[in-house]
Amino acid sequence: QVQLVESGGGLVQAGGSLRLSCAASASILSIYLMGWYRQAPGKQRELVANIISGGTTNYADSVKGRFTISRDNAKKTVYLQMNSLKPEDTAVYYCRVIATMGHDYWGQGTQVTVSS
């Protein structure tokens, strides 16, 4: 059964914007963290941004000032608004959810490609 459903990836030109969404199943009763990672070809998967219960956010230095993470608790959905996109943002973006009891969930990944 699918636990996380991602959407919003695509192809954009440098300077453009995209918004990623990730909806967690209602079967995940209590969430500690929701966030986004990305992985480019030949590189390690890296943290982009996350948001912790209580509202604390964390961002990679490379995206600060350009990306914004937010959540809708009623919908159990996390968003990543990506503005001023650069070619180096090109990667597969993965949603991650950590449940309060410790279970770690990953989405299937969505491709973001930024052309110059």
- Query: What strands (runs of 3 or more DSSP E) lie completely within the range 8-96 and have 3 or more residues being in contact with a Phe, Trp or Tyr (Cβ under 8 Å, 6 or more places away or on another chain)?
  - Reply: 18-24, 31-39, 46-52, 67-72, 77-82
- Message: Can you confirm whether residue 105 is under 11 Å from the mean Cα position of the chain (by Cα) and open to solvent by less than 60 Å² (accessible area, probe 1.4 Å)?
- Response: no
- Message: Restricting to the range 1-45, give me the number of residues that are within 18 Å of residue 57 (Cα to Cα) and of a type in the set (Asp, Glu).
- Response: 0
- Item | Candidates 54, 65 - the one that is among the small types (Gly, Ala, Ser), free of Cβ contacts under 8 Å to residues at least 24 places away in the same chain, open to solvent by 40 Å² or more (accessible area, probe 1.4 Å) and over 19 Å from residue 112 (Cα atoms) | 54
- Query: Only one of these conditions is not met by residue 45: (1) touching a strand residue (DSSP E or B) at 6+ places or on another chain (Cβ under 6 Å); (2) among the charged types (D, E, K, R); (3) open to solvent by less than 60 Å² (accessible area, probe 1.4 Å). Which number is it?
  - Reply: (3)
- Message: Can you find, within the range 14-60, the residue that is modelled with the lowest pLDDT among those that are more than 12 Å from the chain's Cα centre (by Cα) and of a type in the set (Val, Ile, Thr)?
- Response: 28
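The values are calculated or read from the model by the stated rules, or taken from the named source; none is laboratory data. Note that the structure is predicted; figures quoted are calculated from it, not measured. Glycine also receives a Cβ, built like all others from the backbone with ideal geometry; neighbour counts cover every protein chain displayed. Ligands, DNA and RNA are excluded from the accessible area calculation, which covers all protein heavy atoms including side chains. Shrake-Rupley method; radii C 1.70, N 1.55, O 1.52, S 1.80 Å.
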